[in-house]
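The numbers here are math on the coordinates, done by the rules we state, and not lab data. Note that the coordinates shown come from a computational prediction; the quantities given were computed from them, not determined experimentally. Ideal geometry is used to build each Cβ from the backbone, glycine not excepted, and the neighbour counts take in all protein chains shown.
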């Protein structure tokens, strides 16, 4: 296997792992109690169907899901913060990871699986496996949005208050 193909496969593996499992764990600390932090996040989020720019998502119990919208265009491939609010001695912590939304993960799993199976079925030709790898590589570059990740992180840092810190 050539170094270029090895590099492409390594890049695909890393991006898929981050896409499905999320990146590094993010920890936001706040001096507010968990209930107050949940209320503040809930009040500042827009609904998931509101097409104005800014943070959108929902709070269910201790679970927090925050995405970012760039205006009236709804892009479901933008990343989402999936986290939980925990109580600490100093107030509360919001812990979680940024990954793709669950529906997008399901769709992409079906897409990648279909491309991989189709490529394996036609392994006797050289074109299909190469085309399958190329389609997976191309698809992995359409998911994720670094600008949205930065906006989500900035939003969560600000909503955790003056004492909010990213751990």
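Quick rundown of the values:
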read-out: Likely footprinting exposure, 2, 44, 157, 78, fewest C-beta neighbours within 10 Å first; value: 2, 44, 157, 78
read-out: Label-point separation in nm, residue 134 to residue 103, each point 7 Å along Cα→Cβ; value: 3.1
read-out: By average C-beta atoms within 10 angstrom, highest first, the peptides 79-85, 26-32; value: 79-85, 26-32
read-out: Dimensionless Rg over Rh [the range 81-122; C-alpha; Kirkwood]; value: 1.38
